[in-house]
């Protein structure tokens, strides 16, 4: 398996402020230095990187700058992450416009995969039809990704209508998009990440690995929390998936490069022990 890392740790995640008034511009961003992130991820020994759509969009008019940074670090852009509400009919065309732009940029820089999260929770409560709307929207995301030669996958996420195993089951029955398990989000939502991977072996298209401390709540580098990561890797192997494992950590109190090194060392030991 190839091991990559997500740039989110350098600065944490923010949203593009213009998206408050123009949904078509509501990109995700890691609010730190992309070039520092790429350089330090490469130095930690990873082979690939995942970036937010907004950070990739920063290089739309200067593509050689991103290509040069990746080449210098010995990395490839594996995947681009984006998201949307997906359940509101009036804004869906603008959300899909932005997702199309993310897919186009991902393909421009040689990425293989488009990863999306979302499914808004309404202030008045989730409606019965929201899962149908989400499923239909995710099928449209899949169509867009395929137009650009990308594989699309859905990432269950805290704060959306797909947090727990029952919600995940519901939405996966309503869409053909692939499944991107995030070990910490699945665990925090009340699921067993390894069991959920085993439940959907034919849907596995991408993987996000991170660890979890439930109390006080925090996402952690691999091996520093409560998740049974050996069982997670065993479950992934059982599905026949033999591709990118992307380590992701939303924030870290210390040096983000240190977090990347901690997870890389842990994952190297774990993969070697299970080989």
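Quick note: the coordinates plus some simple rules give every number you see, no bench work behind them. On a predicted model such as this, the values are computed, not experimentally measured, just so you know. Virtual Cβ from ideal backbone geometry, glycine too; neighbours counted across all protein chains shown.
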Notebook entry, point to check: Given R₀ = 51 Å, FRET efficiency for residue 147-residue 215 by Cβ-Cβ distance, to 0.05?
Noted result: 0.70
Check: Taking 0.36 nm per intervening residue step and subtracting the Cα-Cα distance, what contour gain separates residue 89 from residue 198 on full extension?
Finding: 35.9 nm
Notebook entry, point to check: Between residue 1 and residue 127, what length comes free when the chain is fully extended (0.36 nm per residue of separation minus the Cα-Cα distance, one decimal in nm)?
Noted result: 41.3 nm
Check: Taking other Cβ within 10 Å of each residue's Cβ, how do 108, 151 sort, fewest first?
Finding: 108, 151
Check: Which distance in Å, rounded to a whole number, links the C-alpha centroids of the range 9-26 and the range 104-154?
Finding: 17
Checklist line | Least to most buried among 22, 243 (fewest other Cβ within 10 Å first) | finding: 22, 243
Margin query: For a bin width of 5 Å, list the pair-distance distribution of the chain built from all Cα-Cα distances, rounded to whole %.
Written below: 1, 6, 13, 18, 20, 19, 13, 7, 2, 0, 0
Notebook entry, point to check: What's the extension gain from residue 239 to residue 268 if we count 0.36 nm per residue and subtract their Cα-Cα distance?
Noted result: 8.4 nm
Check: At residue 35 and residue 14, where each label point lies 7 Å from the Cα along Cα→Cβ, what is the point-to-point distance in nanometres?
Finding: 1.9
Next item on the list: Mind sorting 1, 51, 246 by how few other Cβ atoms lie within 10 Å of their own Cβ, fewest first?
Entry: 1, 246, 51
Margin query: Using the Kirkwood radius over C-alpha pairs as Rh, can you work out the diffusion coefficient of the range 201-275 via Stokes-Einstein at 10 °C, viscosity 1.306 mPa s, in µm² per second?
Written below: 121
